[in-house]
Amino acid sequence: MAETTGKFDFAIDRGGTFTDVFARLPDGRERVLKLLSRDPQNYKDAPTEGIRRVLEEETGQTFPRSQPVDTSLIGWIRMGTTVATNALLEREGERTALLVTKGFKDLLHIGTQARPKLFDLEVAMPDVLYEEVIEVDERVVLGQDDCQLPRRETRRVVKGSTGDSLEVWRELDLEQVEKDLRGVLSRGISSLAVLLLHSYTWSDHEKAVGSLARRLGFTQVSLSSEIMPMVRAGPSRLHGVCRCLPHPQNPPDVDVLFMQSDGGLTPMEQFCGSRAVLSGPAGGVVGYAITSYNQMEKKPVIGFDMGGTSTDVSRYAGQYEHVFEATTAGVTLQAPQLDINTVAAGGGSRLFFRSGMFVVGPESAGAHPGPACYRKGGPLTVTDANLALGRLLPSFFPKIFGPGEDEPLSLEETMKHFHNLTEEINVFLASNQSQVDANGDTNSHHSLPDKSQTKMSVEEVAMGFIRVANEAMCRPIRALTQAKGHDTSQHVLACFGGAGGQHACAIARSLGMKTVFIHKYSGVLSAYGLALADVVEEVQEPCSLQYTQESFSELDRRMEQLSKRCHDTLCARGFKSDQITTEVFLHLRYEGTDCALMVTAAGYPSNAQSCRSGDFRSAFTKRYLKEFGFTIPDRPIMVDDIRVRGCGKSGIKSVYKPKMGQKQVKAIKCYFEGGYQDTSVYLWEELPFGQSIQGPAIIIDKNRQPCCEAHLTEGGDVCMTVGSDPHCILGTELNTVQLSIFSHRFMSIAEQMGRVLQRTSISTNIKERLDFSCAVFGPDGGLVSNAPHIPVHLGAMQETVQYQIRAQGNKLSEGDVILSNHPCAGGSHLPDLTVITPVSYLSLFSPVFFVASRGHHADIGGITPGSMPPHSNSLQQEGAVFISFKLVTGGVFQEEAVTEALMAPAQYPGCSGTRNLHDNLSDLRAQVAANQRGSQLAYMGYIQSNAELAVRDMLRDFARRWKQQTGGLEVEAEDFMDDGTAIRLRVQINEEEGSAVFDFTGTGTEVWGNCNAPRAITLSALIYCLRCMVGQDIPLNQGCLAPISVVIPSGSILQPSQNAAVVGGNVLTSQRVVDVIFKAFEVCSASQGCMNNISFGSEKVGYYETVAGGAGAGPSWNGRSGVHSHMTNTRITDPEILEKRYPVILEHFSLRPDSGGAGKYRGGDGVIRKLLFRKPVVLSVLTERRATRPYGLKGGEAGAAGLNLLHRNDGRVLNLGGKTSVSLQPGDMFCLYTPGGGGYGTEDASSKPQSKRRRLNESFPERGSVFEYRMAQEGV
C-alpha cells in the first residue's frame, strides 16, 4: 500500500518546537527537512509548508503560500502530531459536556484522589476537560450470586457482554435526558461524553443516550462503551472526554494516515485525540525498532530520544511494549500506548547550583528565550554546557539566533554565564573550607582537601553538569529494564533526537552497554518511523471467564470473531489478505490479584490443553515468573479482556547509496573527562560504508557526536563500540559534582532494591499496593537515600537502624539480618516489618553502611484480621512484636524461630497469631533479597550535608522574615485530637546557625486508645514539613534533621510507653503533628487532618481504603477539593472494580459542597462516600477531625468537621463517632462525610480573587510506566 510510484510521499512529525519532514521522491530518492512548528510571520501550517518547499524545489514549479498545494502530485501523507498532548496541557479542545450516572458528577475531578507532587502544598492539578455535567438518574448493578439484599421490588435482569448478569435498578428517563441535552446545546456546547457505570459490559443505556444526542444535533458524541470497553470507570471515561480534543483536517484526494499512541497508523476518519497523545514519540519508537533491532541477534534495544525539553526512553525486544493505562498532563487515559518514559532532562534543561549540589532541570528554557547561547537573554542550559566544552560547533549551525534571528550561536554569552556560576561555586567551596579550618576537623568524614583543590574551572563546572544530566537520564533506563527482570547492560542504545548525540556514549558507558546505534535520519527519526510503520486496527472486548478447558470454546469463538473484524476492516482499506496479520492478546491475572498482564501466545503453539490461538497459560506463567519472580500454580487464571491487533503491512524500504572516501573537515580541541583533547570533525554525509573512526571525534549531522569508536553500516548509519569506563579513585573529600551524581546513584540503588522486593514478594500489599520503602544508611545509621518517598517512612527507618546499632553493638556478624517492628525501636506500627542488613567491607570490623526495607504485612496476628484494630488499648492486641530479632544468622534464614514469633500473639486473650504465615515468610525472604541490592559506598556524608544546608537556608530565611514582622525568633502553636488531647509545639530558631529547637513540651499524655505515636512518627512528620518548606528537590535523609533538636516529653502521646497501642498514631496523629508545625510557621491552613481509614470484612473477604478530603488554602492558592494531603497519598479503588469484587454498592461519591473554610482563598471541599452493603460484614472506622475542625489562618474560616453516619436497613440513622467497629446487615448503608480544608485570609465581600493558576506546561509533565510506578508507590 505504501509502495507508490511517480508521486511524492510524505511522513511528517509535527512536534511542539520543530516539524520534521521525510519525503520520498518519485525517482526513489529521499529528502529530510526540519522547520519551526510555529512561524506565523511566514506560514500558517508547518506540515503544509514542508510539503510546499519540497514540491517547489524538486519540480521547479511555484506553489504560492496563499494557494492550496497541488495534491495530484502527492501519493500519501503520514502524520504524527503533538496537537492532542498540547491540547491537554493547554486544556483546549471542543466545548464538551459530560453525562454521568447520578451521584458521580465529581468522579473525574476526584480521579484517583492522589496528589501529583507529594511535597507541593499548593495541589496544582489539571482542570477537567468538560464544561458542564448532566447527572442521569439511572443505575445498573452487577449481580452477585450470594447477594442478601432484601428484595422490595422486581428488577429487570440483563446479560452483559462479559457474561455477567446485571440488575437495572433505575431505568433511563429519556424524556428528562432530552430536556437536559437541549439545555446544553442552547449554551453552545455540541460535544458530549457519556459515562454510565458498568457500561463496559452492558451498554444499552449509553447507546440510547448516544442516539438521542446525535438526533438532537451534537456534532461529536463519545460513548465510553464504544471507545474503550474495559472495566474501571475513571480512566476509561477520561479517555472518552479526551476523544473530544481537536481533530486535524484531511486534505482532499490524498491517502492520509495518522500515527496513534500504540505505534500503528490509522485513517483520518478513525483518528481521535485520545489515541494521539503519544503520536509523535510513537513514530520514533517504530523508527528505532525497525532500524536498530537485529532479528538474528535478537539483542534488545533501548530507545533514547533526547530533545530540547525532555528525554524519551523506551525498550524494544522484538515486540512493542504497551501499557494500557497512563497519565499525560494530569489526565489518566485507558488506551493502548507504547511504554514511553519521559524525564525532565533535555538540551534546554536549566542548570542550577543549590545548597552545594549541581542540579539539572526540571525547569526548561523552552524555545523562547532558549539557552543563553541563543542570544535572547536565556539561562544556562545543558546545550550551553556542551557548547562551552567544544562539543557544539557554531560554524555548523545556521545563523538563526538573536533578536533578528540572523546571528550564530554565542559562545561568548555562554562563557559569561558560566564564569559567573563558577565564581559562585568557588565561593561556596572556599567558605566550606574555611569552616573546616576553623573547626580543625581534619579527620572526620566531612574533611575537605587543601584549598588549591577547592577551586573549579569553567570547564570542570560545565563537565560536571553534563555528568549530572547523564546520571539523571540513566535512572529511568535502569528502572525500565530492571523492573521486568532485564539486565540493562545487555541492550543496544539507539540514540536519536536533536540533543542526544552529545550524551549517548557517556550514558551507554555508565550503564555498561557496549553498542550505540545512531540512524542516518536520527534527527528526524520520528518522521522516518511514520514511513516505516504499519496500519493498525485494534478491537477489544471485556471478559469475565476463567482460563479453563470449559471456557476454551467460548474464548476461541470470540477471538475468531474479533480477528475477522480486524481482517475485514483492513481489507476494506485496500490491503490484500497476504498483507494482513492478526495477533490475539488475553488480559490475564491470577484470581484475587490486580497484577493483570496483556499476554500474546506468540511462540507458544496450541495444544490439547489450550485455546486454538495458542497456549496462553504457558505464556502467562513464564512472563509472570520473569517479571515477579514466582507463580501461583493452584490459583485460577482470569481473563479480563480479549484484544486483537491487526496489521496491514505498509512500510517503505529505504535505499542507501554508499559514498567513497573519508574527509576530515577540521580538528579542534574538545573537553572530555580527562581535559582538552585533539578531536577530529567529520561530516556524516561524506563517510563511506565500513569506515571506522577512532574517538575522540565529532560527527556532524543533525546530531553532533563525540565517539568511542564508530563505523558506518551498509545502510549509512553509525554504529559505535563503547569502551569501559575508566576507573576513578574517589576520596571522601567534598566534590560537588560527585555529590550530585551519587545523590542520583543512591536513589537508584534504593529504587532497584524496591523493584527486587516487589518482584519477589507475594502479598497483595507489597506486590500490588506497593506499601513498602527501601533505604540506604550510613555507618552511623543515618538515612542517606530512601525510595519511594512514603511520608510516614521518611524518618522512621533511620530510628530503627540506629536502635539496632545501639542494641547489637559488635554482636553483628557478616551474614546477619535483623527484623524489627516495635515502636520503641523506631517502628511506626506493627504491620510495618523492617528488615536491616549490615554491609561490611574487606576486613573492616564494623559495618560500613546498612540497607533496610520496610514492608506492610497484611496480617501479623492480634485481635482483628488485618492487625489494625480500631479499639486496641495495648500493643499486644495489634500483633506480633519484634524488637531486635535475628531473621538471618550467618546466612541462614531462621524460619522456625520467626514462625514461632509470628504465632505468639495467640497467647493473649481474644488474639490470634498471624492469619497468613505463608505470605509473611515469602515477603520476609523478599525483603532479605532486596537488601542484597544495597552495595555502594561513597559520599554518604556529603549527600546528608546537602540536605542540611538546604534546611539551614530555609530556617535563616524564615528567621529574617519573622524577626522583621514580630521582632522575635520564636513561634508556637497547638491543636487538639478529637478526645481533647493537646499537641503543643514551641520552636526557637537560631538565625546565625540556621538551626532550631522543636519542643513538644505541654503535649498531652499517652492515651488509652491507639492514637499514641512513636517518636519515629513525629520525626517523619517533621522531615516531611521541612521538605515542603524548603520548596526544592533535596535528598530526604538524616541531614534534614541535622540543624534540628527535637524535645518530646516521655510518657506523652508522642512518646508513649513501651506497650502502648499505636496503630492510630501512624495514620491519624501523624497528620495532627503536621498541622501543628505548619500552623506555627504560618505556612498554610490545615488540610483535612485525617486519612479516613475505612475497612470492612467477613471470614471470606476483607477490604481497606483511605478516603480523600479538602486541602488547606495558602497565601496565594485555594485548597484542592477531594484529594489526599500530607502524610498519605493513597489511591481510591475504582467504583466498578469495587462493586465487581466486594459485597458492596457505591451509591454516591462526590465532593461535599461548602465544606471548605471560607476566606480570601477557600479551603478545599471534602467528599461524600456512601457504601450499601449486600452481605453481613464488620465495618471498622478509624478517623479524626470529627469533633475538632481544620483551622483557618489569617482570618480564614475553619473547614467543616467530618461525620460518620450509619443508615440502618430499618430506617434508623446513627452517628458512629470517629472510631468504632460495628456489625452490619444487608441493606445497611455507611455514609462518610470527610472534613474540608481551612480557608486562608479574610474574605473580601467586594471581590473573590481566584487561586493563582499554574499552567501545566510550566512544569514538566513526566509520563511512562516508571513515572506511574513511582506515583503508585508514593500513593501508599
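The values are calculated or read from the model by the stated rules, or taken from the named source; none is laboratory data. All values reported here derive from a predicted model rather than from experimental measurement. Methodologically, a virtual Cβ is constructed for each residue, glycine included, from the backbone with ideal geometry; neighbour enumeration extends over all protein chains shown. Accessible surface areas use protein heavy atoms only, side chains included; no ligands, DNA or RNA. Shrake-Rupley method; radii C 1.70, N 1.55, O 1.52, S 1.80 Å.
The length gained by stretching the chain between Leu216 and Glu424 to full extension, at 0.36 nm per residue less their Cα-Cα distance, is 68.2 nm. Between the beta carbons of Leu35 and Leu185, assuming R0 = 35 Å, the FRET efficiency works out to 0.30 to the nearest 0.05. With all protein chains in place and a 1.4 Å probe, the accessible surface of region 535-648 carries 49 percent carbon and sulfur. Distance between the modelled labels on Lys963 and Val1101, one decimal in nanometres: 6.2 nm (7 Å Cα→Cβ projection).
Name the shape class, rounded, prolate or oblate, that the alpha-carbon gyration tensor gives for region 553-638, where a ≥ b ≥ c are the square roots of its eigenvalues, rounded holds for a/c under 1.5, and otherwise prolate holds if a/b is larger than b/c and oblate otherwise. Prolate shape, in that a/c is at least 1.5 and a/b is the bigger ratio. Under a 5 Å amide H cut-off, with hydrogens placed 1.01 Å from N, Leu278 pairs with Ser261 among residues at least 5 apart or on other chains. Protein heavy-atom accessible surface, 1.4 Å probe, per residue over region 857-906: 38 Å². Here the Karplus curve 6.51 cos²θ - 1.76 cosθ + 1.60, taken at θ = phi - 60°, turns the phi angles of region 516-528 into couplings of 10, 10, 10, 6, 4, 9, 4, x, 10, 5, 5, 5, 4 Hz, with x standing for Gly and Pro. Multiplying the residue separation of Glu974 and Ser395 by 0.36 nm and removing their Cα-Cα distance gives an extension gain of 201.9 nm. Each principal axis of the Cα atoms in region 7-70 has its own extent, and those three values, largest first, are 32, 23, 14 angstrom. In region 1084-1246, carbon and sulfur make up what percent of the accessible area (probe 1.4 Å)? Whole-percent figure for carbon plus sulfur exposure: 49. Projecting label points 7 angstrom from Cα along Cα→Cβ for Asp127 and Asp406 puts them 4.1 nm apart.
Evaluate E = 1/(1 + (r/R0)^6) for Trp169 and Glu591, where r is the Cβ-Cβ distance and R0 equals 25 Å; express this FRET efficiency to the nearest 0.05.
With a Förster radius of 25 Å, E is 0.35.
Charge dipole (Cα centre; +1 on Lys/Arg Cβ, -1 on Asp/Glu Cβ; no other charges) of region 943-1066 amounts to roughly 160 debye. Annotation for region 119-171 versus region 337-360: alpha-carbon center distance of 42 Å. Distance between the 7 Å Cα→Cβ label points at Lys102 and Ala897: 6.4 nm.
With all protein chains kept in place, the per residue accessible area of region 535-648 amounts to 44 square angstrom at a probe of 1.4 angstrom.
For the pair Cys571 and Lys299, a Förster radius of 41 Å applied to the C-beta separation gives a FRET efficiency near 0.70, rounded to the nearest 0.05.
Of all DSSP beta bridges in region 943-1066, what percent run antiparallel (nearest 5)?
Expressed as a percentage, antiparallel bridges in region 943-1066 total about 80.
Over region 1084-1246, Cα pairs under 8 Å with separation of 6+ residues give a relative contact order of 31 percent. Each residue of region 577-583 is assigned a 3J(HN,Hα), and the resulting list reads 4, 6, 9, 10, 10, 10, 10 Hz, derived from the Karplus form 6.51 cos²θ - 1.76 cosθ + 1.60 (θ = phi - 60°), x at Gly and Pro. Mind listing P(r) for region 943-1066? All alpha-carbon pairs, 5 Å bins, whole percents. Pair shares across the bins are 2, 11, 19, 21, 17, 14, 11, 5, 1, 0. Per atom type, region 943-1066 shows carbon and sulfur on 43% of its accessible surface, probed at 1.4 Å.
Looking at region 943-1066, the accessible area is 37 square angstrom per residue; that uses a 1.4 Å probe and ignores ligands, DNA and RNA. Shown in residue order for region 112-117 are the 3J(HN,Hα) couplings computed by the Karplus curve 6.51 cos²θ - 1.76 cosθ + 1.60 at θ = phi - 60°: 8, 6, 8, 8, x, 10 Hz (x for Gly and Pro). Distant-in-sequence amide contacts of Ser1052, defined by a placed amide H-H separation under 5 Å and a gap of 5 or more residues or a different chain, comprise Glu1006.
Near the amide H of Arg354, within less than 5 Å, lie the amide hydrogens of Val359, all on another chain or at least 5 residues away, with H placed in the peptide plane. One decimal place: the segment Ser72-Glu627 gains 194.6 nm when fully extended, by the rule 0.36 nm per residue minus the C-alpha distance.
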